[in-house]
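**Student:** Have a look at the structure that comes next, please.
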Amino acid sequence: MAIERRQLGQTDLKVSSCCLGTMTWGQQNTEDEGHAQMDYALERGVDFWDTAEMYSVPPSAETQGSTERIIGTWFQKTGRRQDVILATKVAGLSKMPWTRDADVSWTRHTKDQIDEAVGKSLKRLQTDYIDLYQLHWPDRPIGLFGDKMDAKAYGYPYEPFEEILAHLDAHVKAGRIRHIGVSNETPFGVMRFLAESNARGLPRMASIQNAYNLVNRSFEDGGLEEACVREDVSLLAYSPLAQGYLTGKYRNGALPKGSRKELFQRLQRYESPQGLSAIESYLVLAKKHGLDPTQLALKFCDSRTFMGSTIIGATTMDQLKICIDAFDLTWTDELETEVNALHAIQPSPCP
């Protein structure tokens, strides 16, 4: 079966329903391995690729921009830039001043910082345009990656929505960016950006890249699903495998050599007792139906009516093949019923 193609928001772009994630390239994966993944993905019809200025992960001054550079050398080697729909991201509010040449204390979505980030991404990627340019997380403080926000932070200043759009609009008009999107965003942020776009004739957010998986369906609650469906903002789901937990590789305390948990110990979002219990229930469900748990988790995401594209990531070619093969599976009414029954018992334990 061929990979399905879906319209990205209200744009004229149709993207593959499977998106190639790249954040391990330059740290867990070498340049040659990244090139091999790009070759294979394109051969399988996966022509939508996602990266970010801060990749590879975990972020550091030493590896920042390495993933974009690997994509850039592949473009230079193959001459196939026109065959790819490329997405990248600019860092939001954070203490990562090493991403900027200027002496700044915080990364922000100011004009100067967006201008610098766009220019440096284009240079690393060896291209003169970016198909989808995303705000990696907001310029304002919000709860991120399972953490709660201190209520005092509501009083902190942030770059106005209309000004961020105006900064991006300059690059759209210059042809450096085709379309824009948000990531790790809230219903408030989505609707404020859309309101300013409509009122001022500024570029419209086409997509939202948020975490979404069997143990984190928070996109469906709290207003994001309704806002995005009614306003034609496509969800690009990241972490569909719960950072590897839904593959079963960390089951019963296993710690595979070279895995992200073994290398970086950054997976606490999925390690609560309720989270581990829910993950186990989905692993058991996959076995019951004779499915690879990786493929159950990915096809669940792909089968959502609001899904624009599901972002996969792999450190080996075997993993990449398993992930892409998942999109050929058929999602049945029985699977839907059983997944929803498990979700009702332990709803989104790893938001």
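**Student:** Show the residues, 5+ positions off or on another chain, whose built amide H is closer than 5 Å to the amide H of N210.
**Tutor:** Residues meeting the criterion, in which the H sits 1.01 Å from N, are N184, L236, Y238.
**Student:** Next up: Run the numbers for S277 and D39: contour at 0.36 nm per residue of separation, minus the present Cα-Cα distance, in nm. Each step should come with its number before you reach the end.
**Tutor:** Values: separation 238, 0.36 × 238 = 85.68 nm, distance 3.76 nm.
Between S277 and D39, full extension yields an extra 81.9 nm.
**Student:** How much length is gained if the chain between K95 and R200 is pulled fully straight, taking 0.36 nm per residue apart and subtracting their Cα-Cα distance, in nm to one decimal? Don't skip to the answer; put the middle values down first.
**Tutor:** On the way: separation 105, 0.36 × 105 = 37.80 nm, distance 3.15 nm.
Computed gain between K95 and R200 is 34.7 nm.
**Student:** Sticking with this one: Rounded to two decimal places and with Rh computed the Kirkwood way over Cα pairs, what is Rg over Rh for region 219-351? Can you show the working numbers first?
**Tutor:** Details: Rg = 14.9 Å, Rh = 15.7 Å.
So for region 219-351, dividing Rg by the Kirkwood Rh gives 0.95.
**Student:** Going through region 77-127, which trypsin sites (Lys or Arg not before Pro) have at most 11 other Cβ atoms within 10 Å and a DSSP loop state? List each step's numbers first, then the result.
**Tutor:** Working: sites: K77, R80, R81, K89, K95, R100, R108, K111, K120, K123, R124; in loops: R80, K95, R100, R108.
Taking region 77-127 and a limit of 11 other Cβ atoms within 10 Å, the loop trypsin sites (Lys or Arg not before Pro) found are K95.
**Student:** Along region 234-241, what does the Karplus equation 6.51 cos²θ - 1.76 cosθ + 1.60 (θ = phi - 60°) give for ³J(HN,Hα), rounded to whole Hz, x for Gly and Pro?
**Tutor:** 6, 7, 10, 7, 9, 6, x, 9
**Student:** Continuing with this model, one more query. What residue among M54, M317, M23 has the largest mean-square fluctuation in a Gaussian network model of the chain, using Cα springs under 10 Å?
**Tutor:** Greatest mean-square fluctuation among the candidates belongs to M317.
**Student:** State the antiparallel share, in %, of DSSP beta bridges confined to the chain, rounding to the nearest 5. Write down the numbers at each step before the final one.
**Tutor:** Values: 5 of 36 bridges.
Of the beta bridges lying entirely in the chain, close to 15 percent run antiparallel.
**Student:** Taking the Cβ of Q209 as the centre, find all other residues whose Cβ is under 9 Å away and add up their charges (Lys, Arg: +1; Asp, Glu: -1).
**Tutor:** Details: positive: K89; negative: D50, E185.
Combined, the nearby Lys, Arg, Asp and Glu give -1.
**Student:** A further question follows. What distance in nm separates the two pseudo spin-label positions at T337 and S60, each 7 Å out from Cα along the beta-carbon direction?
**Tutor:** About 5.1 nm, to one decimal.
**Student:** Here's something else I'd like to know. Going down the table (K77/K249; K89/K288; K89/K152), which pairs top 31 Å between alpha carbons? Intermediate results must be reported in sequence, preceding the final value.
**Tutor:** On the way: K77/K249 35 Å; K89/K288 39 Å; K89/K152 28 Å.
Cα-Cα > 31 Å for K77/K249; K89/K288; rest within.
**Student:** If only Cα atoms are counted, what is the Rg of region 1-72, and what is its Dmax, in Å?
**Tutor:** Values for region 1-72 (Cα only, Rg and Dmax): 13.4, 42 Å.
**Student:** If you rank V233, V284 by fewest surrounding Cβ atoms within 10 Å, what's the result?
**Tutor:** On the way: V233 26, V284 11.
By the 10 Å Cβ count, ascending: V284, V233.
**Student:** Once fully extended, how much extra length lies between K111 and K173, figured as 0.36 nm per residue of separation less the alpha-carbon to alpha-carbon distance? Mind showing how you got there, number by number?
**Tutor:** Values: separation 62, 0.36 × 62 = 22.32 nm, distance 1.48 nm.
In short, 20.8 nm is gained.
**Student:** As a check on your grasp of the helix formula, calculate [θ] at 222 nm for the chain: sum -39500 (n - 2.57) over DSSP H runs of n ≥ 4, divide by the residue count, round to the nearest 500.
**Tutor:** Numbers: 11 runs with 128 residues, N = 351.
After summing the helix terms and dividing by residue count, I get -11000 deg cm²/dmol.
**Student:** Report the label-to-label distance for I345 and T316 in nanometres (one decimal), using points 7 Å from each Cα along the Cα→Cβ vector.
**Tutor:** 3.1
**Student:** Just grab the label-to-label distance for D83 and F188, each label 7 Å out from Cα along the Cβ direction, in nm (one decimal).
**Tutor:** Between D83 and F188, the label points sit 4.5 nm apart.
**Student:** Could I ask something else about it? At a temperature of 20 °C and a viscosity of 1.002 mPa s, determine how fast the chain diffuses translationally according to Stokes-Einstein, using the Kirkwood radius over alpha-carbon pairs as Rh; express D in µm²/s, rounded to the nearest whole number. Intermediate values should be presented prior to the final figure.
**Tutor:** On the way: Rh = 20.5 Å.
It diffuses with D of about 104 µm²/s by this estimate.
**Student:** For region 79-214, what Kirkwood radius comes out of the mean inverse Cα-Cα distance, in Å?
**Tutor:** Numbers: mean 1/r = 0.0640 Å⁻¹.
About 15.6 Å, per the Kirkwood formula over Cα pairs.
**Student:** Once the Cβ-Cβ distance between H289 and R230 is put in as r, and R0 is 45 Å, what FRET efficiency do you end up with, to the nearest 0.05?
**Tutor:** Numbers: r = 33 Å, r/R0 = 0.74.
The computed FRET efficiency comes out at 0.85.
**Student:** Further question: Pull up all non-local amide H partners of H179: gap of 5 or more, or a different chain, and H-to-H distance under 5 Å with H placed in the peptide plane.
**Tutor:** Correct list: L132, Y133.
Every number here is computed from the coordinates shown, using simple stated rules; none is lab data. Just so it is clear, the structure is predicted and the values come from calculations on it, not from any experiment. All Cβ positions, glycine included, derive from the backbone under ideal geometry; neighbour counts span all protein chains shown.
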